[in-house]
Every structure is written in C-alpha cells, then in structure tokens.
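Presented below is the structure to which this report refers.
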Amino acid sequence: MYCCKSSSTLHLSFLLFTCPSSKVMSVNSSSSCDALYIPTYLSSSSDTMYCQLHTCLTSTLGASSIIVFSAINTLLLLPLSILVLCLGCRQRQRSGAAMSHSDVFTYHLAIMELVNVLASFLSCCGIHVNMPEIVMPGVFLFFINLAGQMWFHILTCVERYLAAVHPITYLGLRAANGIRIRNITIGCVWLLSCGWTYFLYLSPISYAIFSLVTLGFIMIIDSFCCLSVVCVLIGPGPSDRPGGGRHVDRTKLRALHTIGAIMGVLVLRFGGNILISTLYPTALIGNEYDKCSLILCLYWICLPSSLVIPLLFLHRAGKFPRCKTNVALKYPRKMRVT
C-alpha cells in the first residue's frame, strides 16, 4: 500500500517536470481558481472573469500574448511614464507655482501606467514559472489600471471643458478650495479603481455589459464636453467686432484637441466591449481558443488609452522633434479667422 502511494507520487512528480507548464496549469486552472481565488460568498462556480482570464493566460495563446504585451509596456509605457513624472518634478522645482489640474491628472495617470507595467511583468513571470500566486496580483493590478484610465480621462475632459467654456469658474477652482476638491476627487478615483477589481468575480458577460454601460456614460460626458467646446469656438467671442475677423483662443483649440483625442480612444474601448459582449455568448465563439482571443482583447484595446494623455503632455511641453518651433506657429495666442 505504501509502495503504491509512493510510486503514484513519483509518477505525478515526473509528469509535473516533463509536461509543459501551460498544459499543467490549464488542466488545474478551474480547481485552483475555486480553491485559492474565488471566495464562496462571492461565487460558487469557476465561471468568473478572473478564472476565465487566468485559464486564458496560462494557455499557449495567452502566454505568447502576455509576452508581447509586457515587452510593449516595458518599451513604451515605462520610459514614457518616467519621463512625464521627471518633467513634472522638474517643473515643480523650477516654478514653485501651483500646477494645473490637467497636469496633476497626467502625473497620476503616469503612476497608473507604472502599475500597468508592474501588472504585466508579474503576470508574465507568474505564468512562465508556473506560480498562480504571482499571476493573481498581476491581474488585479491590471484591472486597477483599467478603471483608473477611464476616470482620469474623463476628469481631464471636464477640466479642459471648464477651462474653455467656463473660464471664470475654472480660475476659481485653481484656488485653495479647488485644489482641495481636486485632491479629494483623485483619492476617490484611486478608491474606485481598487474597487473595480470586485467585478473580476462576475462572469465575462456580466463584466462586459457593466463595463459597456460605464464607458457609455463616460462617452456621453465626453461628447457633451467636446460639443460645448466646438460651440464656443464657432460662436462669436467677446473681442470680436461685427463684420471683422474672429479671434480663436489657443486654450480652446488645445482643449478641443485633447477632448477629441480622449474621445477617440474611448470609442475604441467602447467598440471592443461591444464586440466582447456580443460575440462571447453566441454560437460563433464555440471553442475556448476564440473565447480566449476575445478576453485578451481587454489588454490590447487599453494600450492606446495608456498613450494618449502622456503623449499630449509631452507635445505641450515641446519634447517631440521640431515641436518647440512648430507649437508657437500652430497655436498662436490669438488666431484671426476671417
């Protein structure tokens, strides 16, 4: 009896060392999810977003995808986020004045992207060393970044809207009370982003629908801000003369470009969520390979959202080639339109 148990143990150990890690983890993925990661008071089955994502990442397709995603994050987001934070510290040391609200949102978004880089690194390492305990914090950190992007994007849009459409109110918000409101709002965004990880315990369809509703609400706010800025640009200004030329403020143009760029990446994420929520439960996606491909789209559709705000910040700072000479020519303080 003892010999049988020892021989079976040796046989299992031999299988663990000889079989590929992705196959071993895919076989035990549902049981490991049930035993380690899904609390009984939240879910009684393994059909949750986290378990589906965990199973997908431990497959051959998921492992290859996370390697490429981690490499892109390291090459693009890591230096970009560090550069944004270094510029912010240098600007604070030189001027000593209060920073604009949009710049503060950009710095926090850069910190969010560093969290994203750490999440992809942990997921990649956990998958390839066959340690689900390392994959779990990587997935949770990624979903924190997933939510933080949306909220900081909409805060940037609202801030640019106030600067272009309601400049007096905006100047009032730059005082001490406005800074206090901004800091409280940023704290709430971080709390909401951490709370977003709760939806990992929902099914993929429920998560996609909830994310779709949230993104739709955010896009409505973004569209309202964009249309309001366009109406201000089209309408006559206080310095315009009847029958004369019309002056366009540089601040309003920058606000329109920023809101438009954010709206573009939000449309991409909105379309991706529609694709996932529509195709995932249909008969067209019948095998696990296709379902895994849809789930991995969550990673890739967020990549433009990670780049848009830092790139706009570096463009305003004149850090791109030929930007220092072209920005002043492209955006004079007052443009005369006839």
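The values are calculated or read from the model by the stated rules, or taken from the named source; none is laboratory data. It should be emphasised that the depicted structure is a prediction, and the values quoted were computed from it without experimental measurement. Neighbour counts run over all protein chains shown; Cβ positions are idealised from the backbone, glycine included. Side chains included, ligands, DNA and RNA excluded: accessible areas come from the protein's heavy atoms. Shrake-Rupley method; radii C 1.70, N 1.55, O 1.52, S 1.80 Å.
Between Ile67 and Ala176, the contour length at 0.36 nm per residue exceeds the alpha carbon distance by 34.7 nm.
Could you report segment 112-239's accessible area per residue, 1.4 Å probe, as an integer in Å²? Intermediate values should be presented prior to the final figure.
Details: 5590 Å² over 128 residues.
Heavy-atom accessible area per residue stands at 44 Å².
Just order 298-311, 113-126 by mean Cβ neighbour count inside 10 Å, highest at the front, would you? Present the calculation step by step, with values, prior to reporting the outcome.
On the way: 298-311: 19.5, 113-126: 21.2.
In decreasing order of mean packing, 298-311, 113-126 become 113-126, 298-311.
Specify which residue in the list Thr74, Ser100, Trp151 is farthest towards the positive end of the charge dipole of segment 65-162, using unit charges on the beta carbon of Lys, Arg (+1) and Asp, Glu (-1), about the Cα centre. My answer, from the dipole projection, is Ser100. With all pairs of different C-alpha atoms in the average, the Kirkwood value for the hydrodynamic radius of segment 89-183 is 15.4 Å.
Around Ala255, what is the net charge, scoring Lys/Arg as +1 and Asp/Glu as -1 over all other residues with Cβ under 11 Å from its Cβ? Present the calculation step by step, with values, prior to reporting the outcome.
Working: positive: Arg160, Arg250, Lys252, Arg254; negative: Glu159, Asp249.
Once positives and negatives cancel, what remains is +2.
Sorted largest first by accessible area at a 1.4 angstrom probe radius, with every protein chain in place, the residues Thr278, Thr58 fall in the order Thr278, Thr58. When only alpha carbons of segment 177-233 are considered, Rg and Dmax amount to 15.6, 46 Å.
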